[in-house]
Amino acid sequence: NLLRLDFGRSLADGSPALQKVLIAYPTSLLLAALAMAATLLISIPTGAWLGARRDGATRMAIRWLLFVLQGVPGFVTALLLVEIFAIELVWLPALGSSGLQSMILPTISVAAFLAPKLTRLIEANVAAAMSSSYVRTARSIGASDREILWRHALPNALLGATALVGTQFAFLMTGLVIIESIFAWPGIGWLLVQSTTSVDFPVVQAITMTVVVTVFLVNSFVDMMQRRIDPRLRHREPLAPGVAE
């Protein structure tokens, strides 16, 4: 039955289990894509700026903020955002996925958890790139600081961050259960909670297999992209048997 993608029927309503999962899957995928896009928009310029600067009070304040946010779970941020923007100020809706406004709070909640780690990695990579020999060569021939950062240092720094981006995106497909529950976001995380509560095992099994396949595909895509953008990985010679790397 598994080879035929037949997970049986839902014990709750009798519909095919996989069909229920595939209906909820695009909604989770949308939230994951929005959160990942927001994470990249925050992390890349912030990490590049922090890595290019060596001192300053603003830099220190931002680094401390990232340090604090990295230790705050996403659901804590989500609850604070709901309390402030949905309950106190009544600016944004807190439940459902109807309209653009309903996507803002869940997206920020997830991005606030993912962005600090990626920002700090990009910062470290940019700082290492700025002290490398090719940057010194570019500076010696008259390249501006802006050109050195955005044309030379940052592209090389992003090579090392690609693996983390793929890992974070794969994590989103398994780590959105609590966020979707808080915002009643009708994705597979919300469906997993409902199915577990109602002991709907066919749907739980279908969700598990869907997540496994998604993580495998994301990791394979990231590996392929790394080989495509980094020629050193494409032309790397295999190690001889028994030779340690």
Legend entry - Most to least accessible of L30, L92 (protein chains only, probe 1.4 Å): L30, L92
Legend entry - Accessible area of W150 in the full protein assembly, 1.4 Å probe (Å², nearest 10): 110 Å²
Inset, instruction - Write down Rg/Rh for the chain, rounded to two decimals, with Rg from the C-alpha atoms and Rh from the Kirkwood relation over Cα pairs. - result: 1.06
Inset, instruction - Please turn the phi angles of segment 63-79 into ³J(HN,Hα) values with the Karplus equation 6.51 cos²θ - 1.76 cosθ + 1.60 (θ = phi - 60°), one per residue in order, whole Hz, x for glycine and proline. - result: 5, 5, 4, 5, 4, 5, 5, 5, x, 9, x, x, 6, 5, 4, 4, 5
Legend entry - Distance (nanometres) between label positions extended 7 Å along Cα→Cβ at M209 and L65: 4.6 nm
Inset, instruction - Could you work out the local net charge near T119, counting Lys and Arg as +1, Asp and Glu as -1, over the other residues with Cβ closer than 13 Å to its Cβ? - result: +3
Inset, instruction - Please give the per residue accessible area of segment 1-123, computed with a probe of 1.4 Å over protein heavy atoms only, in Å². - result: 57 Å²
Legend entry - Rough spin-label spacing in nm, given labels placed 7 Å along Cα→Cβ, for L100 and R227: 4.0 nm
Legend entry - Carbon plus sulfur fraction of accessible area for the chain, probe 1.4 Å, in percent: 67 percent
Legend entry - Backbone HN-Hα couplings from phi across segment 105-118 [Karplus 6.51/-1.76/1.60, Hz, Gly and Pro as x]: 5, x, 5, 5, 4, 6, 5, 5, 7, 8, 4, x, 5, 5
Legend entry - Sum of side-chain charges, A143 neighbourhood, beta-carbon under 13 Å (Lys, Arg +1; Asp, Glu -1): +2
Inset, instruction - Considering Cα pairs under 8 angstrom that are at least six residues apart, work out the relative contact order of segment 23-172 and quote it in whole percent. - result: 33 percent
Legend entry - Computed accessible area, E88, all protein chains, 1.4 angstrom probe, square angstrom: 120 Å²
Inset, instruction - Sticking with the crude label model, points 7 Å out along Cα→Cβ, report the distance from T197 to R151 in nm, one decimal please. - result: 5.7 nm
Legend entry - For the chain, calculated [θ]222 nm from helices alone, where every DSSP H run of n ≥ 4 adds -39500 (n - 2.57): -23000 deg cm²/dmol
Inset, instruction - Mind listing the long-range amide H neighbours of R9? Cut-off is under 5 Å, sequence gap 5 or more, other chains count too, H placed in the peptide plane at 1.01 Å from N. - result: A17
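The values are calculated or read from the model by the stated rules, or taken from the named source; none is laboratory data. None of these values were measured; they are calculated from a predicted model. FYI the Cβ positions are ideal-geometry reconstructions off the backbone, even for glycines, and counts take in every protein chain you see. The area values use the complete protein model at the heavy-atom level, side chains included, leaving out ligands, DNA and RNA. Shrake-Rupley method; radii C 1.70, N 1.55, O 1.52, S 1.80 Å.
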